[in-house]
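First up is the structure itself, then whatever we jot down about it.
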Amino acid sequence: MERLAARWLWFVEHWPRAAVFAPFVPLLLSWWAVAEIEIFPPAFFPHPLEVLRRGVELAYKGVLGAYLEDSVLRLAVGAAAGIAVGLPLGLLVGLSDRAHRTLWPLLLFFQAIGDIAWLPILLVWFGFGLTTMTFVIVYTVMFPVLMNTALGVRAVPEVLPRAALSLGASRARVILEVVVPGALPNIVTGIRNGLGFGWRALVAAEIIVGTSGIGFMMFDARRAGSVTEVVIGLVVLGVLWSIVDSWILAPLERATGERWGLVAR
Amino acid sequence: MKELLVERLSKIYFDPDRGERIAALEEVSLRIAPGEFVAVVGPSGCGKSTLLNLIAGFLEPTSGRILLDGRPVRGPGPDRGVVFQSYALFPWKTVLENVAFGPRMRGLPKAECHAKAMRYLELVGLAHVAHRYPRELSGGMQQRVGVVRALANEPEILLMDEPFAAVDAQTRMTLQEELARIYEERRPTILFVTHDVNEAVFLADRVLLLSKGRLREEIPVPIARPRRWPRLVEDDDFKALVARTLSAVRAA
Amino acid sequence: MTASAEPVRAHRRARTGAIVQAALPFVLLLLLWQGLVAGLQVSPLVFPSLSAVVRAAGQGLRDGSLFLHLGASLARVAIGTAIALLLAVPLGMAMGVSRAVAAFFTPLLRFFSVLAGIAWIPIATLWFGYGFGAIVFVIFNAVFFVVAYNTLLGVATIPVELRRAAASLGARRWSMVREVLLPGALPNIVTGIRTGLGFAWRALIAAEMIATSTGLGYMLFLARDFYRTEVIVLGMVLVGCTWLALDRLLLAPLERRTIERWGVVRGA
Ligand SMILES: Nc1ncnc2c1ncn2[C@@H]1O[C@H](COP(=O)(O)OP(=O)(O)O)[C@@H](O)[C@H]1O
Ligand SMILES: [Mg+2]
């Protein structure tokens, strides 16, 4: 046992990339075994091979690709809009004491209402369609970006803008060259959180509003009682989001945090 | 107090980045008599911490033996008290609870543990901060707590790994004098690791020179106790010994 | 005593001032709302007037339906979270204790905590049918993986010197867990609970919209069927206020206090 642990640690240290995937092998094997001996009826617990076969089939037919494209596109557009709105507002709220005092409680409240609770009234206003979904995602992404930007701006040490001002920088330049870079680690954290909530909101919206997308595919399959496609959806979402989070967002957060020296204390 | 015996101790690390083996310690043998104060000096990277961590039981030797009172050492245990460079106080426990930790692990009743911890805190003049949390204390005070936490557990031997390296110069001298005083009063067995030659000669009865994983030289320190800085900075024997040790470190 | 009364009074005045300051934007918002809806003669099918929402609230309080829905939602969250915590904390600690085991479980927990919550609604309703079981499962799932992952991280990032210090002071397995690993991981655990509950609360509202006939989510979604915008807005306010109370009055202070009191100073 001890030798096995030592071997495994050696592997983790030498092949960190591969070691991330290794634990999924026993997980898949257990899934296989449990499905093989049919502890649960196959209608509830699909066989991994069946999931793979159906997944390949759906991909081949182009259904999976089309739905994936729909979901990702919605998220990308919604997130871009959310960031475009949230960032400047966050700067404003962070820079002005008065704006901060009056708006912060309101922001907390509207953030607390949360994306999904907006769905019913959005459905009343816009019906089952793209507008509703986009609104939900923009709303979800906007708040974490806005609030983290404001926090970041307020956390920039006072000496930095002062130093820049006394070096002759104009106020606009101070904001652009001192405040925004100083707040960048927080901004990136806000974007990461916003996207984390955003894609969940997207899935919920697709389930409830559903006309297309991975969430719609899963719920549609659920209505038809087809567990295989539900699991395909779960796997696709998990893999997709793991890639986005650990290969793009987390390194970005780490890079900005490290470069600006705010991580190590 | 028991005798510590280290026989032909070696430790080989594997460095995954460069894919090569590092012999951090090679065939080191030493003996520490009960009540003796031994310092190990050497430049950073020479294997001091490795030696100490092996004796503490935090690491497994590649080869060789460590015997305390004739019994082989296996894993960490309360017979060897450790003082860390980074203090290693439990931040979620008060100073008193930190010092009482060892006695409590031995199953002593709580009231007794606290009384004992209080006595040890008085030893270093810290009774008044007993109910504070470590982070509220200065570095020097935190390390005093670290020292008495190890002492309060009444170990056979005290292992100290550059315990005063992280505090400012003034405080360091005070802490060294305090440790000298405690040693003179109670005569615990101490293995003290440092890269500071002054510190080693000031504190120890015997200084061992470690270089590139091997013991090179042994320098006895026949300077009378009590040892205090104001006297020793003037003392020619002390100065000569420091100079001799320093040149030995450079030559090694 | 008279000497100390003055600062107390000043303190109270400052507190009252702060409350007024926090309330003022809301009062303005309510006034604006009432003014706009009346002034522009907005149809109640598009957006309700303030008074209609207040009436709906009164109605809901009188017939008890508000308590029914709020109670159902809170009960589901409480049960799902309790089960999740009971399992996640011990498991996360066990996984974090050894470096080899932690390295094995970290990618798995990461994968599942990235997926936690809403995405499980379809399969939950398939496994447990529409109703209580499915919703509690979704809550459980949202909290469990996030908390287990954070617990593992918390234990794994306890400085090695602290574990060594405890071991050389004579701590054995259980005292190590109780006195070092649990308190050392606590700030991470609480952060995990806060994040997990954030996912869980949203997942709850979504699940209640499709999988049950009680709860705030159901109340919202039912009202949509009848274009009862005043009930929808009331539901939104309730969802917001409940989460705000949960997060700001319970979770955020808990997180702050554990980090202040128990936190090891470590790189972010
Ligand atoms: N865990 C480890 N893995 C690989 N090499 C190590 C490890 N710990 C220490 N070393 C190497 O062993 C040598 C001795 O280290 P150490 O005992 O910490 O020295 P010192 O305490 O005297 O500064 C150094 O070259 C160091 O880089
Ligand atoms: Mg060292």
Only one of B:ALA243, B:ALA166, B:ALA224, B:ALA200 is surrounded by fewer than 20 Cβ atoms within 10 Å (Cβ to Cβ) and within 16 Å of ligand 1 (Cβ to nearest atom). Can you tell me which? B:ALA166
Count - residues of region A:227-250 that are within 19 Å of A:GLY65 (Cβ to Cβ) and over 12 Å from the mean Cα position of the chain (by Cα): 10
Enumeration of residues in region C:99-133 that are small (Gly, Ala, Ser), under 19 Å from C:ILE158 (Cα atoms) and at the interface with chain A (Cβ under 7 Å from one of its Cβ atoms): C:ALA100, C:ALA103
Kindly indicate which of A:GLY94, A:GLY55 is open to solvent by less than 40 Å² (accessible area, probe 1.4 Å), in contact with a Lys or Arg (Cβ under 8 Å, 6 or more places away or on another chain) and part of a helix (DSSP H, G or I). A:GLY94
Pair list, Cβ under 6 Å, 6 or more apart: region B:140-158 residue over 18 Å from B:LEU203 (Cα atoms), other residue of a type in the set (Asp, Glu): B:PRO155/B:ASP79; B:GLU156/B:ASP79
Expected single match for closer than 25 Å to A:GLY86 by Cβ and away from chain C (no Cβ under 12 Å) among A:ILE208, A:ILE191 is A:ILE191
For region C:14-41, give me the residue count where each residue is within 11 Å of chain A (Cβ to nearest Cβ), within 17 Å of C:VAL53 (Cβ to Cβ) and of a type outside the set (A, V, I, L, M). 1
Extreme residue, farthest from ligand 2 (Cβ to nearest atom), among residues of region B:60-77 that are on the phi < 0 side of the Ramachandran plot and open to solvent by less than 40 Å² (accessible area, probe 1.4 Å): B:LEU67
Options C:ALA119, C:ALA124, C:ALA103, C:ALA156; residue that is open to solvent by less than 30 Å² (accessible area, probe 1.4 Å) and either modelled with pLDDT of 95 or more or over 16 Å from C:ILE205 (Cβ atoms) (or both): C:ALA103
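Looking at B:ALA33, B:ALA56, can you tell me which residue is away from chain A (no Cβ under 14 Å), within 26 Å of B:LEU203 (Cα to Cα) and within 16 Å of ligand 2 (Cβ to nearest atom)?
B:ALA56
Tell me which residues, restricted to region A:120-135, are in contact (Cβ under 8 Å) with a residue 60 or more places away in the chain, touching a helix residue (DSSP H, G or I) at 6+ places or on another chain (Cβ under 7 Å) and more than 7 Å from chain C (Cβ to nearest Cβ).
A:THR132, A:MET133, A:THR134
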Given the conditions (1) surrounded by 24 or more Cβ atoms within 10 Å (Cβ to Cβ); (2) closer than 30 Å to B:PRO61 by Cβ, report the number of the one that B:VAL95 does not fulfil. (2)
Checking A:PRO185 against (1) assigned to a loop (DSSP other than H, G, I, E, B); (2) open to solvent by less than 20 Å² (accessible area, probe 1.4 Å), the condition it does not meet: (1)
Could you list, in sequence order, the residues of region A:225-239 that are of a type outside the set (S, T, N, Q) and modelled with pLDDT of 90 or more? A:VAL227, A:GLU229, A:VAL230, A:VAL231, A:ILE232, A:GLY233, A:LEU234, A:VAL235, A:VAL236, A:LEU237, A:GLY238, A:VAL239
Could you list, in sequence order, the residues of region C:234-264 that are open to solvent by less than 10 Å² (accessible area, probe 1.4 Å) and without any contact (Cβ under 8 Å) to a residue 12 or more places away in the chain? C:GLY240
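One line per residue, one yes/no per condition, for (1) open to solvent by 10 Å² or more (accessible area, probe 1.4 Å); (2) closer than 30 Å to A:ALA221 by Cβ; (3) modelled with pLDDT of 85 or more; (4) not in a loop (DSSP other than H, G, I, E, B):
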position	(1), (2), (3), (4)
A:ILE116	no, yes, yes, yes
A:VAL124	yes, yes, yes, yes
A:ILE191	yes, no, yes, yes
A:LEU195	yes, yes, yes, yes
Taking the options C:VAL180, C:VAL231, C:VAL136, name whichever one is within 11 Å of another protein chain (Cβ to nearest Cβ), of a type outside the set (Ser, Thr, Tyr) and open to solvent by 10 Å² or more (accessible area, probe 1.4 Å). C:VAL231
Please pick out the residue among C:ALA166, C:ALA148 that is at pLDDT 90 or above and under 27 Å from B:VAL147 (Cβ atoms). C:ALA166
Taking region C:202-228 and keeping only residues that are facing chain A (nearest Cβ under 7 Å) and surrounded by 24 or more Cβ atoms within 10 Å (Cβ to Cβ), one is left with C:ARG202, C:ILE205, C:ALA206, C:MET209, C:LEU220
Scan region B:115-139 for residues that are under 23 Å from C:SER175 (Cα atoms), open to solvent by less than 10 Å² (accessible area, probe 1.4 Å) and assigned to a loop (DSSP other than H, G, I, E, B) and jot them down. B:ALA130
Top-ranked residue of region B:64-114 - restricted to ones that are within 16 Å of ligand 1 (Cβ to nearest atom), more than 8 Å from chain C (Cβ to nearest Cβ) and assigned to a strand (DSSP E or B), ranked as farthest from B:ALA127 (Cα to Cα): B:GLY64
Out of (1) within 14 Å of chain C (Cβ to nearest Cβ); (2) within 16 Å of ligand 1 (Cβ to nearest atom); (3) open to solvent by 10 Å² or more (accessible area, probe 1.4 Å), what's the single condition that is false for B:LEU159? (3)
Scan region B:10-30 for residues that are within 6 Å of ligand 1 (Cβ to nearest atom) and away from chain A (no Cβ under 14 Å) and jot them down. B:ILE22, B:ALA24
Could you please give the count of residues in region B:31-63 that are within 12 Å of ligand 1 (Cβ to nearest atom), of a type in the set (A, V, I, L, M, F, W, C) and assigned to a loop (DSSP other than H, G, I, E, B)? 3
How do the pairs read when you match residues in region C:45-67 that are over 13 Å from C:LEU30 (Cβ atoms) with residues anywhere that are buried (at least 18 other Cβ atoms within 10 Å of the Cβ) and among the small types (Gly, Ala, Ser), using Cβ under 6 Å and keeping only pairs 6 or more apart or on different chains? C:LEU66/C:GLY60
Starting from residues that are open to solvent by 50 Å² or more (accessible area, probe 1.4 Å) and in a strand (DSSP E or B), keep the ones in region B:17-30 and report whichever is nearest to ligand 2 (Cβ to nearest atom). B:ILE22
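The values are calculated or read from the model by the stated rules, or taken from the named source; none is laboratory data. On a predicted model such as this, the values are computed, not experimentally measured, just so you know. Because the Cβ atoms are built from the backbone with ideal geometry, glycine has one as well, and the counts that use them run over all protein chains shown. With ligands, DNA and RNA removed, areas are computed over all heavy atoms of the protein, side chains included. Shrake-Rupley method; radii C 1.70, N 1.55, O 1.52, S 1.80 Å.
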